[in-house]
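Worksheet: the structure to be examined is printed underneath.
The values are calculated or read from the model by the stated rules, or taken from the named source; none is laboratory data. Because the structure is predicted, anything quoted here is derived from the model rather than measured. Cβ atoms come from the backbone with ideal geometry, glycine included; neighbour counts cover every protein chain shown. Accessible surface is based on the protein model in full, side chains and every heavy atom, while ligands, DNA and RNA are left aside. Shrake-Rupley method; radii C 1.70, N 1.55, O 1.52, S 1.80 Å.
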Amino acid sequence: CSGVVVTHDDADQTRRCVESVYANTQREFELILVDNGSGPAIREFADCLQSKRGNSLYIRNASNEGPAFGWNQGISAARGEWIVLLKNRAVVTPQWLGRMLAVASLDRGIGIVGACSKPRSDVPARSQHADPEDLSGLADGWFLQHAGQISFAARVDDVCSLLRQEALDRVGGFD
């Protein structure tokens, strides 16, 4: 799997996102950080990340080209069969990737799996403002309650999405 995080400044939020990915991913994972013209703090973070982790890549744009442009850059550089697109505000919980891959593997026709990150009638309102430490319990509870269920949606939240590389190749990326 390859993960693409697009950021424009906010080094603390980006660090929290990336650290949650590394702490909660139990499989081989390549992380691609696309910097849309941030200040020096993101570059310093990326340098530190690359010195600690061999499975990361840093792409820097001179200006803010927007998330779609950055995701397309990351997708082009990615080597995984599956691509995870993450906004830098995303915080993932234990088993996040395995659960998303399990849903995606239920049917070869599934091209995208989105994480539940917005208020819904079946998600406690407190989850929208929970501390990262509380998110794991909320995610576990939601997953157990909805295990084996698939919801088809016209739109998937773009905070954390898993996409099949093959599907991306067919549609040609984002505009």
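Points worth noting:
- DSSP bridge orientation in the range 1-124 - percent antiparallel, rounded to nearest 5: 0
- Pairwise FRET efficiency - D107 versus D10, Cβ, R0 = 41 Å, nearest 0.05: 0.65
- Principal axes of the range 1-102: Cα extent on each, largest first, Å: 37, 23, 23
- Rolling a 1.4 angstrom probe over the protein heavy atoms with all chains in place gives the range 34-84 an accessible area of 51 Å² per residue.
- With every protein chain in place, the range 1-78: carbon and sulfur % of accessible area (1.4 Å): 46
- Extension gain, R43 back to A167 (0.36 nm per residue minus Cα-Cα distance, nm): 41.5 nm
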